[in-house]
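Reading through the structure tokens given below for one structure.
The values are calculated or read from the model by the stated rules, or taken from the named source; none is laboratory data. As the structure is a computational prediction, the values presented were derived from the model and not from experiment. In this analysis, Cβ positions are derived from the backbone assuming ideal geometry, glycine residues included, and neighbour counts consider all displayed protein chains. Protein only, heavy atoms only, side chains kept; ligands, DNA and RNA dropped before computing areas. Shrake-Rupley method; radii C 1.70, N 1.55, O 1.52, S 1.80 Å.
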Amino acid sequence: MVVDIWTWEQTFQELIQEAKPWAKWTLKLDGNLQLDCLAQGWKQYQQRAFGWFRCSSCQRSWASAQVQILCHTSWEHWTSQGQVRMRLFGQRCQKCSWSQYEMPEFSSDSTTRILSNLVQHILKKYYGNGTRKSPEMPVILEVALEGSHDTANCEACTLGICGQGLKSYMTKPSKSPLSHLKTANSSPGIGAAYIPNQGKNQSAETKEAKGRGYEKLGPSRDPDPLNICVFVLLLVFIIVKCFTSES
């Protein structure tokens, strides 16, 4: 598929003239643009959009919400002239073994959204705070998509440009935070699991110490037999004296 650059340029001019009637900007496609490879004085802008692809071999078509668009912009203050170079990244058919990168095609709404975001970038970077700033228009799905982004057949992913492609290669944790907490609580020597065990040990030690304390408060040894004999004799003496006095 080939982008209708004339329609793109016309839409771009209408949007930029609406905001800056005296501005002079040109828009050209450039398939050689590289990420972070800028000529002196140029700025970089990247966005993604919803687009359609058609395989030139099997005529299979598919949609994607991860169509990457890279722009390099430049503006000469003394001449009030600006340039935009734009690269659209393609995708390959996943059904064909030797398919080539096909260029995307966009609906009129998606084209307007892409160019509106580009114009907002230009107004923000080159015309300062005197310009009304609007948030970037998000990607809108034109049809329901199934499955994840096909990073293996995305040109931008292979070049390290596609943010979605980079995310897909990140290693995800094998366990959720909840399962981690369960594992930690079941381990007697790690983190929070050690504290309850220590509390239990301290409670047992406290009970044992209290038991020892109660033992100390009681008699320390058995009764002395000599003391018992003296007590019995004294009791007998008192009884005998009582009977004698009565008689």
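Of the residues Ser110, Ser116, Ser61, Ser97, the single one that is of a type in the set (Gly, Ala, Ser), modelled with pLDDT under 90 and over 27 Å from the mean Cα position of the chain (by Cα) is Ser97. The selection criterion, being surrounded by fewer than 19 Cβ atoms within 10 Å (Cβ to Cβ) and on the phi > 0 side of the Ramachandran plot, does not hold for Asp30.
Here Lys43 passes the criteria (1) among the basic types (Lys, Arg); (2) over 26 Å from Leu141 (Cα atoms); (3) in contact with a Cys (Cβ under 6 Å, 6 or more places away or on another chain) except the one numbered (3).
Report, by residue number, each residue of segment 1-27 that is within 14 Å of Gln83 (Cα to Cα), open to solvent by 50 Å² or more (accessible area, probe 1.4 Å) and either assigned to a loop (DSSP other than H, G, I, E, B) or touching a residue at least 40 places away in the same chain (Cβ under 8 Å) (or both). Within segment 1-27, Lys24, Thr26 meet the criteria. Considering segment 61-98, and only residues there that are of a type in the set (S, T, N, Q) and not in a strand (DSSP E or B), the residue that is surrounded by the fewest Cβ atoms within 10 Å (Cβ to Cβ) turns out to be Ser97.
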